[in-house]
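See below for the structure under consideration.
The numbers here are math on the coordinates, done by the rules we state, and not lab data. All of these numbers come straight from a predicted model, not from anything done at the bench. Positions of Cβ are backbone-derived with ideal geometry, glycine not excepted, and every protein chain shown enters the neighbour counts.
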Amino acid sequence: MKQPLTITKLKKMKQSGEPISVLTAYDYPSARLAEEAGIDVILVGDSLGNVVLGYDSTIPVTLDDMVYHSRAAARGAQHTFIVTDLPFMTYRLGNETTLRNAARLMQEGHAHAVKMEGGADIAGEIAACVRAGIPVMGHIGLTPQSVHQLGGYKVQGKLPKEAQQLIDDAKALEAAGAFAIVVELVTEQLAEAISKSLTIPTIGIGAGRGCDGQVLVYHDILQYASPYRQKRFVKTYADLGATVRNAIGEYVADVKSRAFPQQEHAFESELEPLKHVYGNDTSEAQSADEKETVSRDRMHNQTTA
């Protein structure tokens, strides 16, 4: 039986040069399929706001949303390391609030670790979680919870000053005790430089080939969406959107034309005759009524006699 990875094993994978595969999942079936496919780490990301809940960003996602989906994914992938996002404004509010919310993801959401977006400014809260026994994955570069502050979904760290800040942030997160860091939508050269400056793994998304692992969104690699918007940094491996749409369309057509259900989809009675149960044969019911009438007449005659 597969044993879940640990943060120690993940660090050893970096040291040995073994790439780390990470995929998002938000429910029981997707997590189970990811585990069966051999994924190293499942991320229950607040990206569920975009791909599952229908929001245009991750900001509306609540802690209750994350607990619910994390618990479902954990039931599906009981032998895989699961990291769950702390959503917008459930941290950055002081150590006590961060600890309480992170604890919910661990206790109620059954996560093995939590993920937090930000740099040196959240190092203190990460350190507090680590001291409390809560493993933390960091996240720098494009941080979707700050998309309005960043001015949209665009590549980060292009300018030398910005690049240096991201390197400093990564080192601050490592010093605070983060066991790994997601590096999102930065130049390939910067991602490689960050990876080389750390002893903990980097997990890239839109960050090129220099990271220690890669993460993508479940619905992106499977094109499980409508309409699907192509992304340069994503490689798709199937078009489930078209498959699902076509399958449902065939079902609708079969129902409308009465091609479904057919005889093989129905259940027949094993006892005959049972027609009177369904009202198709009234002879037996009429006979029973006649007997009941005769019985009542006899009782009446005996009483009057």
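General remarks:
- Residue (of G208, L86, A72) at the positive-pole extreme of the chain, dipole from beta-carbon charges: G208
- Highest to lowest packing among 46-59, 227-240, 205-218, scored as the average C-beta count within 10 Å: 205-218, 46-59, 227-240
- Relative to the dominant Cα principal axis of the chain, helix 7-16 is inclined by about 60°.
- Sorted largest first, the principal axis extents computed over the alpha-carbon atoms of the chain equal 113, 45, 41 Å.
- Peptide ranges 87-99, 134-146 listed from the most packed, as the mean C-beta count within 10 angstrom indicates: 134-146, 87-99
- Peptides 24-31, 107-114 ranked from most to least packed, by the mean per-residue count of other Cβ atoms within 10 Å: 24-31, 107-114.
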